[in-house]
Amino acid sequence: MTAGPAQAASALLGVYARVGPLFTSGDGSELIAEDGTRYLDFVAGIGVNALGYNHPVIRTAIERALGTGLVHVSNLYRTEPGERLAEELVSRSFADQVFFCNSGAEANEAAFKFARKWSGKSGIIAFSGAFHGRLFATLAATDRPDYRRGFDPLVPGIEIVPLGDRAATDRAISASRTAAVIIEPVQGEGGVRPIDAGWLAWLRRLCDERHVALIFDEVQCGLGRTGTLFAYEQAGVVPDLLTLAKPLAGGLPMGAVLLKEAIGAALGPGDHATTFGGGPLVASVGIEVVKTIAAPEFLASVRRRAEWLGARLADLAAHLPRVREVRGRGLLWGLELSEPAAPFVGKARDKGLLVATAGPNVVRLIPPLIITSEELTRGVAILEDALA
């Protein structure tokens, strides 16, 4: 017997409160529902669909990769796409080596392991407002008590310190105990909060003094989202490890850890592994995505649209009393409200605009990086109407 829509949906484990229509296709910066209604998408798969939907670069890369017959081989053997993507990322970053996996949480877990092996220490320091994943170590480093409730005991040795509190951070980072400090250059789930460059530079110095690895989590804010290929470039602070995921393979599951050779030298065969990471299909797409986003003219277009969007949101906040603050960088913005954000997400969706939350009171905007000026104008107008 063929299941109906409601029965098919109920077959999924209920860990998501899915809302809205059933989407059947996408085009550019729009998602299309089964009834043909088009929704302007300022969520982009939670920052995954940097090139939007049905982009020719991704479609062509997938078709070409499928033509080889190599969807999966395993990491027991060499394949060209993974090696080429690693070279692409190394050539464009501080890194000497790359480890591929399947998600941002996996990338952060791997970074924790690498730092512990390199340092011989076990402590991990994270910060208030952080979101680093839902696995046992990354959940322990994520400042969301509701997410952690019911899953204790989590991985020990991980401490969350108040963001911006230098005295508390100085006490927490120990030369004898701390393996790594992890921070997002722009917090995403924690309310869209760009981190001050001076604070990152101070962390860098402290980590150097105490032989501690500095990890930048750029799973959401990396790969062009802030207007440069990597968010750390704008701070002028170079980490020891950097984690990527969301947009890396254009919607196919892929994560990565970029690391310096000094840390990589501590690891050998058997110290970590993944069955699917860096497989030929996803890596083939990743190569084209990185090359597309890294193009100077592409990043310049992101910065132009980001400048307009920031100014327009500031203007919107100036005359809407329920908007307390606007924060963001590049094409990642949050509007902190004086009341819960979820009802306004629903109102915007009813008017044809998809936005997300970032905590209870923040409306988050993460449009595709290929968004046009006209679409940004239309989207902000819908958002203003919903908030008014």
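No value in this document is a laboratory result; all are computed from the given coordinates. These figures come from a predicted structure and were not determined experimentally. Neighbour counts are summed over all protein chains in view; Cβ atoms, including those assigned to glycine, are modelled from backbone coordinates with ideal geometry.
Counting only other residues whose beta carbon sits under 14 Å from that of residue 36, what net charge do I get with K and R as +1, D and E as -1? After counting each charged neighbour, the total is -3. Taken along its three principal axes, the alpha carbon spread of the range 142-187 comes to 31, 27, 16 Å, from the longest extent down to the shortest. Calculated mean residue ellipticity at 222 nm for the chain: -11500 deg cm²/dmol, from DSSP H runs with n ≥ 4 weighted as -39500 (n - 2.57), summed, divided by the residue count and rounded to 500.
If only the Cβ of Lys and Arg carry +1 and only the Cβ of Asp and Glu carry -1, the dipole of the chain around its Cα centre is close to 440 debye. The Rg/Rh ratio of the range 224-342, with both radii computed over alpha carbons and Rh defined as the Kirkwood radius, is 1.08. Can you tell me which of 191, 222, 164 moves the most in a GNM of the chain? Springs connect C-alpha atoms under 10 Å apart. So, out of 191, 222, 164, the one fluctuating most is 164. Checking the cross-link pairs 117/260; 113/291; 246/291 against a 18 Å limit on the alpha carbon distance flags 113/291 as lying beyond it.
Modelled this way, with points 7 Å down the Cα-to-C-beta line, the labels at residue 78 and residue 322 are 6.0 nm from one another. Between beta-carbons, use under 11 Å as the cut-off and find the net charge around residue 243, counting Lys and Arg +1, Asp and Glu -1. Charge balance in the 11 Å sphere: -4. With each label modelled as a point 7 angstrom along the Cα→C-beta vector, the residue 291-residue 166 pair spans 4.6 nm.
Hull volume per residue, based on the alpha-carbon atoms of the range 46-126 and their convex hull, is 150 Å³. Seen through its C-alpha gyration tensor, with square-root eigenvalues sorted a ≥ b ≥ c, the range 226-267 comes out oblate because a/c lies at 1.5 or above while a/b is not bigger than b/c. When the Gaussian network model of the chain links Cα atoms closer than 10 Å, the mean-square fluctuations of 53, 39, 77 top out at 77.
The trypsin sites (Lys or Arg not before Pro) of the range 101-169 that DSSP puts in a loop, and whose beta carbon has at most 11 other beta carbons within 10 Å, are 149. Between residue 71 and residue 12, full extension at 0.36 nm per residue minus the direct alpha carbon distance yields a gain of 18.6 nm. Measuring r between the beta carbons of residue 154 and residue 374 and using R0 = 45 Å, the FRET efficiency lands at 0.45. Cα centroids of the range 261-339 and the range 99-163: how far apart, whole angstrom? Taking the Cα centre of each part, the range 261-339 and the range 99-163 sit 20 Å apart.
Its convex hull of Cα atoms gives the chain a direction-averaged projected area, equal to a quarter of the hull surface, of 20.4 nm².
Please identify the DSSP H helices in the chain that span no less than 27 Å along the helix axis (Cα) and have a mean Kyte-Doolittle hydropathy of -0.5 or more. The qualifying helices are 296-319.
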